[in-house]
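Here, each number is a calculation from the coordinates, and none is a lab measurement. Remember, it's a predicted structure, so these values are computed and weren't measured experimentally. As a convention, Cβ positions derive from the backbone with ideal geometry for all residues, glycine included, and neighbour counts pool all protein chains shown.
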Amino acid sequence: MKCRARVLVSGLVQGVFFRAFTKETAARLGLTGWAKNLPTGEVEIVFEGEKERILKAIEHCRKGPPGARVESIDTRWEEFRNEFEDFEIRY
């Protein structure tokens, strides 16, 4: 089943290549969407694709890249929109 998740990651997640890590994870799992840093110090991510693969991506985000310290992840499930061709880092 295809779906969409909006994920908010808190902790030490900026300046540690978290967005690049997320992009690599999404590519490996065949997901589309985007990741961007927020002024609050959090990283916001949108994943689209198979729900099982999105759940795997979220689990990878719980660990993050070396140097990251994830304190919390908030996930909001949304309706699949099929609006992306790939996964990008937004600025």
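Just checking my list (1) 20, 12, 12; (2) 32, 17, 5; (3) 60, 26, 14 against semi-axes √(5λ) of the Cα gyration tensor in Å computed from this structure; which label fits?
Correct label, based on the coordinates given: (1).
Working out 0.36 nm times the residue gap between Asn82 and Lys51, then minus their Cα-Cα distance, what length gain in nm do you get to one decimal?
9.8 nm
For helix 18-29, what angle does its Cα long axis make with the longest principal axis of the chain, in degrees from 0 to 90 and rounded to 10?
The angle comes out near 30 degrees.
Can you compute the modelled spin-label distance between Cys3 and Phe17, with each label point 7 Å from Cα toward Cβ, in nm?
3.1
Counting only C-alpha contacts under 8 Å and six or more residues apart, can you give the relative contact order of the chain as a whole percent?
In percent, rounded to a whole number, it is 47.
Counting other beta carbons within 10 Å of each residue's own, what order do Trp77, Trp34 fall into, fewest first?
On the way: Trp77 11, Trp34 19.
Neighbour counts put them in this order, fewest first: Trp77, Trp34.
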